[in-house]
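Take a look at the structure below.
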Amino acid sequence: MKKILLFLLFLIIFSIFSLQSGFSQYAAVRGFIYEKETGEPVIFTNVYMYKTTHGAATDVNGYFAISKIPPGSYTLMVTYLGFDTLKIDITLKKDDIVTKKLYLKKGAFTLDQVQISASYQEARTETNTSVVKITPKQIKHLPAVGGQPDFAQYLQVVPGVIFTGDQGGQLYIRGGTPIQNKVLLDGMTIYNPFHSIGLFSVFETDILRNADVYTGGFGAEYGGRISSIMDITTRNGNKNRFAGKVGASTFGANLLIEGPISKQKEGKGGSSSFLLSAKNSYLEQSSKIFYEYANEDGLPFNYTDLYGKISLSGVNGSNINFFGFSFSDRVNQYHALADYNWNSYGGGMNFLIIPGKSPVLIEGHLAYSSYKISLEEINRPARTSSINGFNLGFDFSYFVGKDVIKYGFEISGFKTDYFFYNSIGTKINYTQNTTEIGAYVKYKKTAGKWLIEPSLRLQWYASLSNGTIEPRLALKYSINDHLRLKFAGGFYSQNLISATSDRDVVNLFYGFLSGPESLPKTFNGKDITNKLQKSQHAILGLEYDVSRNITINIEGYYKNFPQLINTNRQKLFDENDFPDMPDILVKDFIIENGYATGADFTLKFDEKRLYIWAVYSLGYVIRRYEQLNGSLAEYRPNFDRRQNVNLIFTYILGSKYDWEVNARWNYGTGFPFTQTQGFYPQNNFENGIYTDYTTTNEDLGILYGDLNTGQLSPYYRIDIGAKKTITFSAHTKLEILASVTNLFNTENIFYIDRISGERIYQLPIMPSLGASLYF
């Protein structure tokens, strides 16, 4: 570990000093690329000096930086599919730093033989190990479940991602639980991005600009989670005209309004815009009309999502955004759930600054978010949990030629409050305040066929008085123009944990805790020195461009979890009443370890009319806990799906490209679960030795089988969809979407009621119809 750390420090420091030498002999060009029609940044497009090797791709803000250019006269070119190629002449002098704001106009036709796709270029300039970039265009390739294409529906076909099903909305990524997956929206932490009906997220598809989903091996700019990252960026409102969308379907309705506050004028001054979106579900009401067969009392899944954003842009492209959200979800009287609901709200700002004569790009964010969840069940005590807090961060990017140095810091603070009854019926209420401080440095070096990206993060957990040093590394080697090898790995830690029960066949409730007190003093014969969860990742992959339209990606991964915290399923006594009992019988939480390993295969075919996306995932997840005799026992967690397959097919018809048909096939092996062996009369002895067991009311106790040795039946579903686009004018169109979810009405198991033995299934066949008017 020390040798790896010293090597990475040496590599970063040496590279920084190497970059400084000779830089003053060159010039630089930087700036932003926008769509002329809307003012929205053009992301991941190619900007280069014609007939030279100097070039760069724009980032998620449309920003590009080309440095270490020898003085002289050049032609700056910007190419992007679907837009006219832009050419401007530029003369550079020694030490010049030229800033440009450039606008692309949509083209009447595309010269495919000249323009190169952004994904093609990015594959050669970014390491991109275990990351999937998602845009609204990709989301709309899938059958629109409920007549509404959604981010949650696309995530279900991302390699390495496991969903618990149509109901529940829980997300597991390469062995990581939901609490170990960090979700960021414009820099804000979102604690639950999915609704109880797992077909929908809290994000309106048409406000998304880009989403980066890191399934492992992410860089040092991200901290506080040990499995994965979802970094989601929303777009700005239209800077030239008022626009929007009104949509409705058999599931729900949505509304989007956007427009300029101060109009964009090419080459003159700044601009400002606004964007507002709202969506809700009325499935509880509509299901009684359209889907009465699914549940005689309807499908009581209710949600409302609101999001707003104001964007201000300066003359040179510097900008600041203010945003806020309110998300809510509720399930009323559905099977064993008496009441399940959560509410989340927050707001903040982010900014991007281009200093006048410095090659540094400065970004920052400040945000606050809050989340509260409660669950009442018919056969179990109520549970509630809340978390709220802030996060503040600054990032600095320094561009030198094709190399980039990025560094920054982040401060976050949050309060957790968790109320529940433990396994022996004792009321527990944990309230904690936590502060975390992180700093990082990351360097991307292009050296011939190599891309080398070492990074280092220092993380301090103030409430625990614990710190971590987390080295990380990403590599890519281009064997030739079509074949590339890649690697990513690193060390990760987090304080936040989720107190859930592995006894549940399917768990909808996730409570938040940080550094719980009731932990054993030792694990596997060693002292417990901190309350952090930790992991190490190693991912090795291959990218192969079979042709211009066909790309294959294969990745094998291993995640080691040397320390995890879980609820204690072996607790029998109250710690205060029996202080001399072994920890494993009295503590609320236990230490575990384990690993996740597997492989993901993807094939993408993307052509004008035809899109095919095929994914096969093989995964193994193992956890180990300490038994009363001190030995370790292995078990499969209840999200360990051995195999998962997704096939997506989309075809565009018509001379005007105004018809689209699509289909999705999904197969997944069954989840493990703990079987029920029997029942017994349970007395909790609430008054201790003074309890009169002859007069107290007893509860129904459950005798459990061996942990997660049972297995549910496989999951199998086919969805189909069709879309017709009717264009009325340049800015007005109507999209009509029809889809059928679970075409063959497959009975996919949701859970089995432990008391009654009733089998509860996922959603049956559900045809839907929706329409959206864009203006």
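The values are calculated or read from the model by the stated rules, or taken from the named source; none is laboratory data. As the structure is a prediction and not an experimental result, all values here were calculated from the model. Reconstructed Cβ throughout: ideal geometry from the backbone, glycine too, with neighbour counts over all protein chains shown. We work out accessible area using only protein heavy atoms, side chains counted, and drop any ligands, DNA or RNA first. Shrake-Rupley method; radii C 1.70, N 1.55, O 1.52, S 1.80 Å.
What to note about this one:
- Residue check, G348 among the small types (G, A, S) and either in a strand (DSSP E or B) or open to solvent by 20 Å² or more (accessible area, probe 1.4 Å) (or both): yes
- From the options F290, F323, F274, residue that is modelled with pLDDT of 95 or more and farther than 27 Å from L496 by Cβ: F274
- Taking strands (runs of 3 or more DSSP E) as the structural unit, those lying wholly within segment 558-655 and holding at least 3 residues that are under 30 Å from N429 (Cβ atoms) correspond to 589-606, 610-626.
- Matching entry among S518, S498, S455 (being assigned to a loop (DSSP other than H, G, I, E, B), small (G, A, S) and on the phi < 0 side of the Ramachandran plot): S518
- Residue that is open to solvent by less than 20 Å² (accessible area, probe 1.4 Å) and either on the phi < 0 side of the Ramachandran plot or in a strand (DSSP E or B) (or both), where the choices are G393, G467: G393
Residue by residue, here is whether (1) of a type in the set (S, T, Y); (2) in a strand (DSSP E or B) holds:
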position: D212; (1), (2): no, yes
position: Y222; (1), (2): yes, no
position: D231; (1), (2): no, yes
position: N236; (1), (2): no, no
position: N240; (1), (2): no, no
position: I261; (1), (2): no, yes
position: S273; (1), (2): yes, yes
position: A278; (1), (2): no, yes
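- Enumeration of residues in segment 661-673 that are in a strand (DSSP E or B) and open to solvent by less than 20 Å² (accessible area, probe 1.4 Å): N662, R664, N666, G668, P672
- Count of segment 718-732 residues which are polar (S, T, N, Q), open to solvent by 50 Å² or more (accessible area, probe 1.4 Å) and in a strand (DSSP E or B): 1
- Being polar (S, T, N, Q), within 23 Å of F390 (Cα to Cα) and either in contact (Cβ under 8 Å) with a residue 24 or more places away in the chain or part of a strand (DSSP E or B) (or both) is true of N192.
- Annotation note: of I43, I33, I66, the sole residue that is part of a loop (DSSP other than H, G, I, E, B) and either buried (at least 22 other Cβ atoms within 10 Å of the Cβ) or in contact with a Ser or Thr (Cβ under 8 Å, 6 or more places away or on another chain) (or both) is I43.
- Matching residues in segment 399-427 - criterion: being modelled with pLDDT under 90 and buried (at least 18 other Cβ atoms within 10 Å of the Cβ): F399, V400, G401, K402, D403, Y418, F420, N422
- Residue within segment 132-143 that is hydroxyl-bearing (S, T, Y), crowded, with 21+ Cβ neighbours inside 10 Å and either at pLDDT 90 or above or under 30 Å from Q156 (Cβ atoms) (or both) present: no
- Of residues in segment 479-493 being over 24 Å from the mean Cα position of the chain (by Cα) and modelled with pLDDT of 95 or more, the one surrounded by the most Cβ atoms within 10 Å (Cβ to Cβ): R484
- For segment 733-775, residues that are under 30 Å from I702 (Cβ atoms), part of a strand (DSSP E or B) and among the hydroxyl-bearing types (S, T, Y) total 2.
- Within segment 357-372, restricting attention to residues that are open to solvent by 20 Å² or more (accessible area, probe 1.4 Å) and either without any contact (Cβ under 8 Å) to a residue 12 or more places away in the chain or part of a strand (DSSP E or B) (or both), the residue that is farthest from Q285 (Cα to Cα) is V360.
- When I116, I162, I88 are checked against the criterion of being open to solvent by 30 Å² or more (accessible area, probe 1.4 Å), of a type in the set (A, V, I, L, M, F, W, C) and modelled with pLDDT of 85 or more, I88 stands alone in meeting it.
- Unmet requirement for I173, which otherwise passes all of (1) of a type in the set (V, I, T); (2) touching a Ser or Thr at 6+ places or on another chain (Cβ under 8 Å); (3) surrounded by fewer than 24 Cβ atoms within 10 Å (Cβ to Cβ): (3)
- Matching residues, segment 290-302, being touching a Gly at 6+ places or on another chain (Cβ under 9 Å) and farther than 11 Å from F251 by Cα: E292
- Sole exception among (1) closer than 30 Å to R754 by Cβ; (2) open to solvent by less than 40 Å² (accessible area, probe 1.4 Å); (3) not in a strand (DSSP E or B) for F512, by number: (3)
- Of the residues making up segment 559-592, those that are under 24 Å from the mean Cα position of the chain (by Cα) and either among the basic types (K, R) or buried (at least 18 other Cβ atoms within 10 Å of the Cβ) (or both) are K559, F561, Q563, L564, I565, N566.
- In segment 685-710, residue least open to solvent (accessible area, probe 1.4 Å) [restricted to those that are at pLDDT below 70 and not β-branched (V, I, T)]: G688
- Check on F523, surrounded by 15 or more Cβ atoms within 10 Å (Cβ to Cβ) and within 30 Å of K372 (Cα to Cα): no
- Residue within segment 541-548 that is assigned to a loop (DSSP other than H, G, I, E, B), modelled with pLDDT under 90 and within 22 Å of S130 (Cα to Cα) present: yes
- Residue check for D606: more than 30 Å from Y667 (Cβ to Cβ) and open to solvent by 20 Å² or more (accessible area, probe 1.4 Å): no
- Of everything listed in (1) closer than 30 Å to V213 by Cβ; (2) outside any strand (DSSP E or B), the single unmet condition for D95 is (1).
- Condition met for S713 (without any contact (Cβ under 8 Å) to a residue 60 or more places away in the chain, among the hydroxyl-bearing types (S, T, Y), exposed (fewer than 14 other Cβ atoms within 10 Å of the Cβ) and touching a Gly at 6+ places or on another chain (Cβ under 9 Å)): yes
- Residue within segment 324-343 that is touching a Leu at 6+ places or on another chain (Cβ under 9 Å) and in a loop (DSSP other than H, G, I, E, B) present: no
- A Cβ distance below 6 Å, combined with a sequence gap of six or more or placement on separate chains, defines the contacts here; from segment 379-406, residues that are among the basic types (K, R) reach residues that are part of a strand (DSSP E or B) and surrounded by fewer than 18 Cβ atoms within 10 Å (Cβ to Cβ) in the pairs K402/T446.
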